[in-house]
Structure formats: structure tokens, C-alpha cells
Amino acid sequence: MVCAECGQELAARRTGRPRRYCSRSCQGRAYRRRRDQGRFSAVVHSPPTGAQSQTSLDLAIAIADAEGISALSLGRLAHRAGVALAVVQRDFGSRDRLVALMVQRIYGSLPWRTDAPAEPVQALVRLAELEWRSYRAHPWLVGVLASTRPPLVPAVLESARAAIDLFRGLGLDAGTALNRYLALSAYIQGMGLLLTSEQQEAVHSGTGPDSWWGSELRRLDRSGATRRHPWLVELADQPAAGAFDVDDAFHDGLRQVVAGLVAVP
């Protein structure tokens, strides 16, 4: 375990809750930063440079992709990169800043803005699909961004501006445009949370969604629930009975959601 603020190794406790900080000083700094600026405020004003730092950043993303964001720490990254913990501490400072840099790395590679003209629905669908693909590639990312205080790195702000500018182009004021953007983002992130939840369930249970839905439909039929819910009977009668694909569901609803959001009273 390492300090959540500075990355210093922590001595394990025999009893009680695990320590998060190496000192009251680090605990105080973390509290003041979260209070004043949000959880990920130690962010990307001057990202680390150099081949080793970029390699470590890519490795951090790979660890989170394979094992989840909770598996990532400065100490774990140093061990996997084969460098001293002090090197990782120098490059990234804290775990929160490391996560913010990971978000910047991923979002910064996406083409949020394009010169190609497009009507609002088409343009917003394109932005939504970019965000969706980033969640499919990096399942931990939705858990970091689905927050009232996400890491406001430059690339995240750029993705928000691209959507808000489209809503502003409809004649909406800044506050209404922000609300519409947040509603769209909530749809994408909500579906993204379903996606990551299903991936975790598949790992733990060893079964896919089709198998689970099929067994549940048979159980509900035996219990009589299908008589009270005819739509379950219709599902059971379909060729792919109970099949559920989050990706299909996302794309099926996306255009309807966007069309409603661009409507101006």
C-alpha cells in the first residue's frame, strides 16, 4: 500500500481500517484539494515528458484495463515498470494525478472536433460514439468520469465544449446547453456502467448474458411471472430468447435520446 497523496510506501496496520495517507500533512493536503477543487484537481498543467514517463503512463493504462482501476497504485506501477518508486513519484506525484493523466492520454487521442459540416443530431451521435468506444476499450474509464467532479483535464473539457457548442448553435443559453450535454453524457455513462457491470459479472460467474437471461426466463415462467408480464413471453418466443447486448441497446436508443435533446421549445 502507498500513500494516496504522495505515493510513499505505507506500513501495514494489524488492526483497524487500512491507512490511506502516510502523515497528517498528506491527509490535510488531500482534504483541502478535494474540498476546493474536487477529487482529481492535481491534474495536467505540465504532464511528464520523456520516453520512460510515457511508457509508464501506457503501462498504467494497461494495468487498469486488465485489472481495474482499483488495482493501480504508484507502487504497483513502479514494480511493473521496473523502476524505483521515487521515479514514479517524481513523474506523477500522486495517484489522482496519474489517473488524470491517463484520462488525458486516452481522451486526448480522440478527434472531438472536426471541420466536416454536420447537422446537430449527426454530430452529437458522432461524439457519443467516440465516448462509447473509449469505454469499451477502457472499462474503468466510465467509473472515473461518471462523477460530478471528474478530472477536468484539457481533453475532457474539449470533449464537453464540442457538444456544448453544438447545443449553443441551436440558440440555447450556456446553462441550458450544459444541462443538455449532461443529460446526453448521463445516457452514455449509464449504458457504459451496464457494459462494465456485465463484463465483471461474466468474469465472476463464467457465464454470458444469453445464458443468464435464458435461465432467468425459465425460472420466471415456472414462478408464473410471465403471466403477469406478457413482454417476458414475447422475449422467450424470440429466436435469441433473452439475448441482451449492451452495445445494441446503446445504439438503439442513442438517436432517440439525441433527437429529443436537440428539440428546442
- Please tell me if G192 is touching a residue at least 60 places away in the same chain (Cβ under 8 Å) and farther than 26 Å from D245 by Cα. no
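Given the residues A42, A78, A60, which is the only one that is of a type in the set (A, V, I, L, M) and either modelled with pLDDT under 90 or open to solvent by 80 Å² or more (accessible area, probe 1.4 Å) (or both)? Spell out the reasoning first.
Details: A78 fails: either modelled with pLDDT under 90 or open to solvent by 80 Å² or more (accessible area, probe 1.4 Å) (or both); A60 fails: either modelled with pLDDT under 90 or open to solvent by 80 Å² or more (accessible area, probe 1.4 Å) (or both).
Selected residue: A42, the only one of A42, A78, A60 that is of a type in the set (A, V, I, L, M) and either modelled with pLDDT under 90 or open to solvent by 80 Å² or more (accessible area, probe 1.4 Å) (or both).
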- Residues of the stretch 144-155 satisfying the condition of being part of a helix (DSSP H, G or I) and either open to solvent by less than 50 Å² (accessible area, probe 1.4 Å) or at pLDDT 95 or above (or both): V144, L145, A155
- Filtered residues of the stretch 117-136 (kept if open to solvent by less than 50 Å² (accessible area, probe 1.4 Å) and either β-branched (V, I, T) or out of contact with any helix residue (DSSP H, G or I) (no Cβ under 8 Å at 6 or more places or on another chain) (or both)): V121, V125
- Within the stretch 184-198, residues under 18 Å from R149 (Cβ atoms) and open to solvent by 40 Å² or more (accessible area, probe 1.4 Å) come out as A186, L193
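Which one is farthest from S56 (Cα to Cα), of the residues in the stretch 83-108 that are among the β-branched types (V, I, T) and open to solvent by 10 Å² or more (accessible area, probe 1.4 Å)? Working first, answer last.
Taking the stretch 83-108 and keeping what is among the β-branched types (V, I, T), we get 83, 87-88, 99, 103, 106.
The next check asks that each one be open to solvent by 10 Å² or more (accessible area, probe 1.4 Å); those that pass are 83, 87, 106.
Details: V83: 9, V87: 10, I106: 14 Å.
Per the criteria, the residue is I106.
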- Query: Can you spot a residue in the stretch 156-169 that is more than 22 Å from R255 (Cα to Cα) and buried (at least 19 other Cβ atoms within 10 Å of the Cβ)?
  - Reply: yes
- For the stretch 246-265, which residues satisfy the criterion of being exposed (fewer than 14 other Cβ atoms within 10 Å of the Cβ) and either at pLDDT below 90 or among the hydrophobic types (A, V, I, L, M, F, W, C) (or both)? D247, D248, A249, A259, A263, V264, P265
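The values are calculated or read from the model by the stated rules, or taken from the named source; none is laboratory data. Only a predicted model underlies this, so the values are computations on that prediction, with no experimental measurement involved. Glycine also receives a Cβ, built like all others from the backbone with ideal geometry; neighbour counts cover every protein chain displayed. Remember, those area values only see protein heavy atoms, side chains included, never the ligands or the DNA or RNA. Shrake-Rupley method; radii C 1.70, N 1.55, O 1.52, S 1.80 Å.
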